[in-house]
1. With the requirement that a residue be modelled with pLDDT of 95 or more, among the hydrophobic types (A, V, I, L, M, F, W, C) and either farther than 9 Å from residue 114 by Cβ or part of a helix (DSSP H, G or I) (or both), what does the stretch 1-17 give you?
2. Considering 55, 51, which residue is modelled with pLDDT under 70, farther than 26 Å from residue 116 by Cβ and small (Gly, Ala, Ser)?
3. Mind checking which residues of the stretch 23-40 are assigned to a helix (DSSP H, G or I) and either within 23 Å of residue 66 (Cβ to Cβ) or charged (D, E, K, R) (or both)?
4. Looking only at the stretch 1-43, which residues are of a type in the set (Lys, Arg) and either over 17 Å from residue 132 (Cβ atoms) or touching a Phe, Trp or Tyr at 6+ places or on another chain (Cβ under 9 Å) (or both)?
5. Please name all residue pairs, on different chains or six or more residues apart, with Cβ atoms under 7 Å, provided the first residue is in the stretch 79-92 and is on the phi > 0 side of the Ramachandran plot and the second residue is outside any loop (DSSP other than H, G, I, E, B) and modelled with pLDDT of 95 or more.
6. Among the candidates 106, 66, 71, single out the residue that is modelled with pLDDT of 95 or more, part of a helix (DSSP H, G or I) and surrounded by 13 or more Cβ atoms within 10 Å (Cβ to Cβ).
7. Does the stretch 81-106 hold any residues that are closer than 17 Å to residue 25 by Cβ and under 11 Å from the mean Cα position of the chain (by Cα), and which are they?
8. Go through the stretch 1-32 and give me each residue that's more than 12 Å from the chain's Cα centre (by Cα) and of a type in the set (S, T, N, Q).
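The values are calculated or read from the model by the stated rules, or taken from the named source; none is laboratory data. The model shown is predicted, which means the values in this text are computed figures rather than measured ones. Here Cβ is always computed from backbone atoms with ideal geometry, including for glycine, and neighbour counts include all displayed protein chains.
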Amino acid sequence: MYKNLFVPVDGGELSGRAMDGSLELAAQLGARVTGFVVEPDLPLSVTTDDAATFAERVSSHQASNASHARALLEEFESRAAKAGVEFTGISVTGYSIDVAIANEAARHGCDMIVIVTHGRGPLGELVFGSHTKKVISRTRLPVLVLH
């Protein structure tokens, strides 16, 4: 039924749970996993009158993002290999995490999004927001939420 699971990870405390849970499900379903990392753009507030300094900041930010995404996706790929699950890793840069997740899942032909949540409750959502709820509202794909 589901053949390509889209799994966003960010390197936070719950990323391992997202990786392992999605790989276990993929192995049971005979599905593949598309791992996804969205890195933030350089904040617009980082400005300077010196063009060379700004260019250095942009370059440093991009290199840091690329390194972080590569490390996460390599870890995910290693876990997938151990689980015997076909894996593809992709990363993008953008301001809106939920928009990036919904758009890239559709663009890469995925048929389910597997996402992990802190489950902070109403007060936590008020303070921190909920990417999971935003993703659910932006996609037509089924979303499996791991707690």
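1. 9
2. Values: 55 fails: modelled with pLDDT under 70.
None of the other options fit; the residue is 51.
3. 24
4. Matches in the stretch 1-43: 3, 32.
5. Close Cβ pairs (under 7 Å, with a partner that is outside any loop (DSSP other than H, G, I, E, B) and modelled with pLDDT of 95 or more) amount to 84/27.
6. Testing whether each residue is modelled with pLDDT of 95 or more, part of a helix (DSSP H, G or I) and surrounded by 13 or more Cβ atoms within 10 Å (Cβ to Cβ) leaves just 106.
7. Residues of the stretch 81-106 that are closer than 17 Å to residue 25 by Cβ, as a first pass: 81-88, 105.
Result: 105, single match.
8. Within the stretch 1-32, 4, 22, 28 meet the criteria.
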